[in-house]
Amino acid sequence: MAEKVLIYAGTTEGRLLAQELSRAHIACDVHVATEYGQMVMPELVGRLDVEEMRALLKKNGQNNYAAVVDATHPFATEVSANIRESTKGSGIPYLRLQRRMDDGICSISENEGMKERAGTVHVFADYESCVQALTDTSGNILLTTGSKELGVYSVFAPLKERLFVRVLPGLESIGLCEKAGIRGKQILAMQGPFSEEMNLAMIHQFSIRYLVTKASGAHSGFQEKLAAAQKAGITACVIGKQEQEQGMSYAQVTETLSCLLGHTISGRPEVEISLIGIGMSAATLTQEAKRALEESDVVFGAERMLEVVENSKETYPLSRKRYFTGFKTKGIPNGWPETESLHIIFRRYWILQWNRKNKNRIK
């Protein structure tokens, strides 16, 4: 039996799964569709049709893989359909790694015409209905839905002139922008996901009145976009709230692969601890220290030091402490059940150890 896994990636979860398999010494091939995806994960690259996908599965009449994992984007429905079709009759299990969709847009209003109210969120079934609504408005638009649908927005010249499009920093994405007639300062070529603060800075920098995004689920930066739009008092336009697709969680995929391959795949996160000296003040923090704080999930430190930590972090004030301690999880995105359990265990362990051993070490 083959002991290699084929992963069709396109999300953070796909990359994390490949890394997890590598740590478990399980061979895997990772296929990405875009040029930029190859830069992030230098494996197989290119868009395949069903027959090309089928050809990957066999070698000399034998199955080349023990399983196929579909970790493509929730909106890549056509790609997922092709992957499922390619595995039919092959005897190779198809595993859909399901991205957990955020519940945060359940309470937002349906589209009833684009009303100018601060912090309003409008939901649209598709790109075309969103474009139609935007043509009746004025002001700059931050488009964060990628480069593939730019043609829908660029058909109307007055609308195209108002666009600022955030796309991946690859030649393919830039080429699609130019093809759509979007050039120069309108192109924001950057890799996400982005924090609420970064989104807010871009909204202010380009005087944005409307932010357009897809309802792309957890770990995609979706909630951070909505939070930034609300804080800035602008309108957010959400394309197509996806129904929760049928699939498996990250933990279920790793458990299934463990059974198929006879290997233990933990599916559990690692913990990374950073000890950060504050110096004279928070203003003197190095870029590396700032980055470690941004990526931490929980931060311990003196109260005045914790004032510089963003509100989304869990913080624990400790008296007479001249440095920060932060930890982040590696291997599973923050917010997953496994990560939340780890938070509880680590907090209890840390506080216990602090009380018993470390209280008198720091003067």
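The values are calculated or read from the model by the stated rules, or taken from the named source; none is laboratory data. These numbers were taken from a predicted model, which means no experiment stands behind them. Using ideal geometry, Cβ is built from the backbone for each residue, glycine included, and neighbour counts are taken over all protein chains shown.
The set of residues from region 121-135 being within 13 Å of Tyr153 (Cβ to Cβ) and not hydroxyl-bearing (Ser, Thr, Tyr) comprises Phe124, Asp126, Glu128, Cys130, Val131, Gln132, Ala133, Leu134.
Picking from Ala133, Ala189, which residue would you name as being surrounded by fewer than 19 Cβ atoms within 10 Å (Cβ to Cβ), in contact with a Pro (Cβ under 8 Å, 6 or more places away or on another chain) and on the phi < 0 side of the Ramachandran plot? Matching residue, one of Ala133, Ala189: Ala189. Applying the criterion of being under 24 Å from the mean Cα position of the chain (by Cα) and assigned to a loop (DSSP other than H, G, I, E, B) to the residues of region 142-164, the residue that is nearest to Ala201 (Cα to Cα) is Thr144.
The residue that is nearest to Gln205 (Cα to Cα), counting only those in region 129-141 that are assigned to a helix (DSSP H, G or I) and in contact with a Phe, Trp or Tyr (Cβ under 8 Å, 6 or more places away or on another chain), is Leu134.
Checked against the criteria, Glu197 counts as under 20 Å from Ala236 (Cβ atoms) and either touching a Phe, Trp or Tyr at 6+ places or on another chain (Cβ under 7 Å) or touching a residue at least 60 places away in the same chain (Cβ under 8 Å) (or both). The single condition among (1) part of a strand (DSSP E or B); (2) among the small types (Gly, Ala, Ser); (3) over 25 Å from His73 (Cβ atoms); (4) at pLDDT 90 or above that Ser274 does not satisfy is (4).
Of the residues that make up region 169-192, is at least one more than 15 Å from Thr235 (Cβ to Cβ), assigned to a helix (DSSP H, G or I), modelled with pLDDT under 90 and aliphatic (A, V, I, L, M)? Scanning region 169-192 turns up at least one residue that is more than 15 Å from Thr235 (Cβ to Cβ), assigned to a helix (DSSP H, G or I), modelled with pLDDT under 90 and aliphatic (A, V, I, L, M). A count restricted to region 56-87 and to residues that are among the hydroxyl-bearing types (Ser, Thr, Tyr) and in a strand (DSSP E or B) stands at 0.
Scanning region 200-227 for residues that are among the aromatic types (Phe, Trp, Tyr) and at pLDDT 85 or above returns Phe206, Tyr210.
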